[in-house]
Amino acid sequence: TGTGGKPEKGSGDPEMKGWLLKWTNYIKGYQRRWFVLSKGVLSYYRNQSEINHTCRGTISLHGALIHTVDSCTFVISNGGTQTFHIKAANEVERQSWVTSLELAKVKAIRAIESEEEEAEETAQVVPSQEIYAVVRELTERLENMRTCYDLITKHGAALQRALNDLEANEEETLASRTKIVNERATLFRITSNAMINAGNDYLRSAESQGQKWSKMLHHEREQRQRLEEIVEQMAKQQSQMEQAAVMVRRNKHAMPAVAAAVAGFTSDDETEFFDAEEHPDGAFILKLNKRRSSSEDHVGSEGQTGSSSESDETKQLQEPVCLIGEIRMASGGDKDAEERYESARDDTNSARPSRATIPTTSGKRTRRTCVPDKPNYPLSLWSIMKNCIGKDLSKIPMPVNFNEPLSMLQRLTEDYEYADILDVASSCADEYEQLAHLAAFTASAYATTTNRTGKPFNPLLGETFECDRMDDLGWRSLAEQVSHHPPIAAIHCEGRNWQCWQEFSMTSKFRGKYVQINPLGGAVALFRKTGHRYSWRKVTTTVNNIIVGKLWVDQQGEMEIKGSNAAEGIKCILNFVPYSYFSKEIQRTVKGIVFDRNNEAKWVIRGTWDDKIEIAKVLRTNKTGDSPTYITGDYRVSWRRRPAPPESEKFYNFTTLACQLNEFEDDVAPTDSRRRPDQRLMEDGAWDESNLEKLRLEEKQRTKRLERETEAEQAATEGRPYPAYEPVWFKQEKQENSDEYMHVFKNTYWQAKAAQNWDGCPDIY
């Protein structure tokens, strides 16, 4: 690479400059670039002359992962959105850059934390006390300046008189007159210096307080703006409620008709997400981007969409397929596919109880079906959240009053509650049908978010969670918190014929009226029999009505599930439609299409992510204009949500599986979430003790991190490498057919559990 990186001396921040090779693309490969590390940011240019005007790219290190590939290559990634693949000339140069990057990352994290602490202190001070203290200090400084001003005026006038006497008085000797001028000048110089010092003191005080008050003013302006938006929303809601109340009073005698209309609006026929029109060959025609009027739906629900000469048998065949999604085949459907589907479900259910219920026994083990009821500890949400506007909630310490007694690792494990869909998908001979079932599985992961508004515990670095349900549910999983900055969790789950793994990180911002959660990282599913592999990323989650009204959750965005290996070229586009007050769409709607390698539609997915997902095979596509029309077979239910346990609203709206996740087991790792004391205390109802224990654990983790950072700084000063933190059960690897790196399972946990050998586990509790 020519010249290597050279550290810049004389600066408090670690800085380096030098030539390195950066991966660009598969055509050009690695290209020589000039890299500059400064103030926690790594930038690169085509040459040194571009430094002052054309930066080709930057990456901030405070939330980045630095991974060594080989003796000369290393990778920097900030959670999947940006990745630099860099190659040095030799191992010494690579280690020099990696050490400087790690040190710069530590400095950047500390700088951000100190800014957040200062902002928190600024937001928590009592304004009146702070104002009095500042005014008193500045007044004292100002009085000192006024005193110096008076003295300068006095001694300046005396000096001027002495100079005048020097010119006019001829009786005195020149030596005596010069002595008087020098005395007056000395006094003037002393008072001038005192004035300069007093002015500097005043300036320093004003600048230090000015920065603090500028931040506080900005904070107050943001809060005021958020509050104005909330008040405006409340006013609109009040106006709508008043109008609704007037309408109810006017129509109180027509309540039976209103009830019938409401029942018609919420009936099963409203779960239609595409137009289903009768076709002569018995199939159904689906038109995208168009919705029937309510009158047409009503006619269709009565079975009158066809001609009057249709037989009752034909009407009875079409109605359940169109309206309630029963698993029946229209005359144009694929009967062989239906038989395979039923056979797969029979094979799956023969090994364990029906998917309609979750078993309460696992072999000889009896599992619980509920947790202790949630106690009523009132706490103002606004008192906590008002200082969090615009901040990343994953980095803000919150009392357990807003939590649920599960960790984020356990919540990720809940993604596999409906893993039996993957069992069905693994037996599909049609790869497009397999992908349609996988799409239904990805939607099912959001089912519990409709009424689960509690915040899970943030995992500690090195925390793990295992869930071995191979004997009754047919799968087992392990999750581990693999990084603290940025917070990243890795999870691996395997069934008898499939395996899944994902890396989860997120950014979350409180916007005053809602919290927006943007997931980072990806997920992968692999079906062993066919070798089909699929990858996808999760969509955005929004928690609404944080301050006013009832909390409700929405999912929105487009999810692309892409095939690779044997499934290379096929994909599914799944659209989570955001809720809109003015939209005719059913709330929580999901729509999707499975495309083949020629971008032709093969299967259609429809439903809602909180109730059920249906799939249908595309028989023919009519392309008329910009909106294609898909002629399909009948719909079959790929996934349906299980009913909630009785009185689940009393225990955090947990599902039966969620109740069993934190059930204590003796043979799990010492880092398992079940052993976390603050989480256990919260489940038992001892919230005050849980809050104290939570603070202790967070302080212990912070102390351990500072120790590692100090050791890393010492190693950098001495010029020796310092090993980065390595997870116990996962390792970072480059994904197949991709430039991305993910933490993948080492396949050593279950052997360690069998031997009860936990020597590599850190002490985190």
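The values are calculated or read from the model by the stated rules, or taken from the named source; none is laboratory data. Since the structure is predicted, the reported quantities are computational estimates derived from the model, not experimental observations. No Cβ is skipped: glycine too gets one built from the backbone with ideal geometry, and neighbour counts run over all protein chains shown. What goes into the accessible areas is simple: the full protein's heavy atoms, side chains included, and nothing from ligands, DNA or RNA. Shrake-Rupley method; radii C 1.70, N 1.55, O 1.52, S 1.80 Å.
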Worksheet item: Cα-based Rg (one decimal) and Dmax (whole number) for segment 171-250, in Å?
Response: 33.8, 112
Item to complete: Using the structure shown, select from Lys513/Lys734; Lys529/Lys617; Lys22/Lys107; Lys562/Lys700 the pairs with a Cα to Cα distance greater than 30 angstrom.
Response: Lys513/Lys734; Lys562/Lys700
Fill in: Cα pair distances in segment 530-679, grouped into 10 Å bins until the bin that holds the longest one, percent each
9, 25, 31, 22, 11, 3, 0
Worksheet, complete the sentence: Expressed in angstrom and ordered largest first, the alpha-carbon extents of segment 397-441 along the principal axes are 50, 13, 11
Worksheet item: Over the Cα atoms of segment 37-104, what is the Rg over Rh ratio if Rh follows Kirkwood?
Response: 0.96
Fill in: Stretchable slack from Tyr132 to Asn52, in nm (0.36 nm times residue separation minus alpha-carbon distance)
24.2 nm
Worksheet item: Which of the residue pairs Lys236/Lys550; Lys571/Lys746; Lys571/Lys623; Lys39/Lys455; Lys602/Lys623 have a Cα-Cα distance greater than 22 Å in the structure shown?
Response: Lys571/Lys746; Lys39/Lys455
Worksheet item: Once the principal axes of the Cα atoms of segment 646-754 are found, what is the range along each, listed largest first in whole angstroms?
Response: 60, 40, 30
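Note down the magnitude of the dipole of segment 546-641 about its Cα centre, charges +1 on Lys and Arg C-beta and -1 on Asp and Glu C-beta and zero elsewhere, to the nearest 20 debye.
Result for segment 546-641 is approximately 260 debye, rounded to the nearest 20.
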Discussion item. Could you check the spin-label model distance between Glu207 and Gln240? Points 7 Å from the Cα along Cα→Cβ, value in nm.
Written reply: 5.2 nm
Item to complete: Could you work out how far the C-alpha centroid of segment 182-221 sits from that of segment 407-475, in angstrom?
Response: 63 Å
Worksheet item: In a solvent-free Debye calculation with one equal scatterer on each Cα, what is log10 I(q)/I(0) for segment 488-576 at q = 0.23 Å⁻¹, listed in the order of the q values?
Response: -1.11
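Between Arg511 and Arg189, what FRET efficiency follows from the Cβ-Cβ distance if R0 is 56 Å, with the result rounded to 0.05?
Values: r = 59 Å, r/R0 = 1.05.
So, using R0 = 56 Å, E works out to roughly 0.40.
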Worksheet entry | FRET efficiency estimate (nearest 0.05) - Cβ-Cβ, Ala724 to Arg32, R0 22 angstrom | 0.25
Worksheet, complete the sentence: Under Stokes-Einstein, segment 397-533 at 20 °C and 1.002 mPa s, with its Kirkwood radius over C-alpha pairs, diffuses with a coefficient in µm²/s of 133 µm²/s
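Mind checking the dipole of segment 597-755: about its Cα centre, +1 per Lys or Arg Cβ, -1 per Asp or Glu Cβ, Debye to the nearest 20?
Roughly 960 debye for segment 597-755.
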Worksheet, complete the sentence: For Asp596 the rounded accessible area (nearest 10 Å², probe 1.4 Å, non-protein molecules ignored) is 20 Å²
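Quick one: if the Förster radius is 35 Å, what FRET efficiency do Thr624 and Glu558 give, using the C-beta to C-beta distance and rounding to 0.05?
The computed FRET efficiency comes out at 0.90.
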Item to complete: Leaving ligands, DNA and RNA out of it, work out the accessible area of Leu138 with a 1.4 Å probe and give it in Å² to the nearest 10.
Response: 40 Å²
Discussion item. Could you compute Rg(Cα) / (2.2 N^0.38 Å) for segment 697-751, with N its residue count?
Written reply: 1.55
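Please state, to two decimals, what the Cα-based radius of gyration of segment 544-618 comes to when divided by 2.2 N^0.38 Å (N = residues).
Segment 544-618 yields a ratio of 1.36.
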Worksheet item: Once you treat every alpha carbon in segment 582-651 as an equal point and sum by Debye, what is log10 I(q)/I(0) at q = 0.13, 0.15, 0.16, 0.26 Å⁻¹?
Response: -0.51, -0.63, -0.70, -1.18
Practice prompt. Divide, for segment 631-700, the radius of gyration over alpha carbons by 2.2 N^0.38 Å, where N is the residue count.
Written response: 1.68
